[in-house]
Amino acid sequence: MGKNENKMAMTASGLKLMIGGLLVMAAGFILLAGGGSDDPQVFNYAMFDFRRLVAAPVVIVAGIVVVVVSIMRRPKDKKEE
């Protein structure tokens, strides 16, 4: 068997980075929530504000990028002597 047999695929720092990315994505979904109207016959223009149209999707995509980087990142090899 190889010497890499007991190594995990993801390091502790990669796992922390992934959890951080998931928290950023959750914050984006929280920014996206709300804006409903009490009366369905009245149109609510608050649904089309900057927070829901621009900020929330940018935060969600940033969280996805952080998660992808945490998965694809290569751990630094320590020289065993």
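The figures follow:
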| read-out | value |
| --- | --- |
| Accessible surface of the chain [probe 1.4 Å, protein heavy atoms]: carbon and sulfur percent | 67 |
| Using θ = phi - 60° and Karplus 6.51 cos²θ - 1.76 cosθ + 1.60, couplings along the range 7-18 (whole Hz; Gly, Pro as x) | 7, 7, 6, 10, 7, 5, 5, x, 5, 5, 5, 5 |
| Around residue 59: net Lys/Arg minus Asp/Glu count, Cβ-Cβ under 13 Å | +2 |
| Charge dipole (debye, nearest 20) of the chain; +1 at Cβ of Lys and Arg, -1 at Cβ of Asp and Glu | 540 |
| Highest to lowest packing among 55-64, 40-49, 7-16, 25-34, scored as the average C-beta count within 10 Å | 55-64, 25-34, 7-16, 40-49 |
| Cut-off 15 Å between beta-carbons: net charge of the residues surrounding residue 70, Lys and Arg +1, Asp and Glu -1 | +4 |
| Charge dipole (the chain, unit charges on Cβ, about Cα centre) - positive-most of 53, 14, 68 | 14 |
| Hz values of 3J(HN,Hα) by residue in the range 53-62 - Karplus curve (6.51, -1.76, 1.60), Gly and Pro given as x | 8, 10, 5, 4, x, 5, 5, 5, 5, 5 |
| Computed label-point distance, nm, for sites residue 11 and residue 31 using a 7 Å Cα→Cβ extension | 3.0 |
| Mean accessible surface per residue for the chain, computed with a 1.4 Å probe while every protein chain stays in place, in Å² | 86 |
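The values are calculated or read from the model by the stated rules, or taken from the named source; none is laboratory data. Because the structure is predicted, anything quoted here is derived from the model rather than measured. Note: ideal-geometry Cβ built from the backbone for every residue, glycine included; neighbour counts use all protein chains shown. Surface accessibility is based on the protein's heavy atoms, side chains included, excluding ligands, DNA and RNA. Shrake-Rupley method; radii C 1.70, N 1.55, O 1.52, S 1.80 Å.
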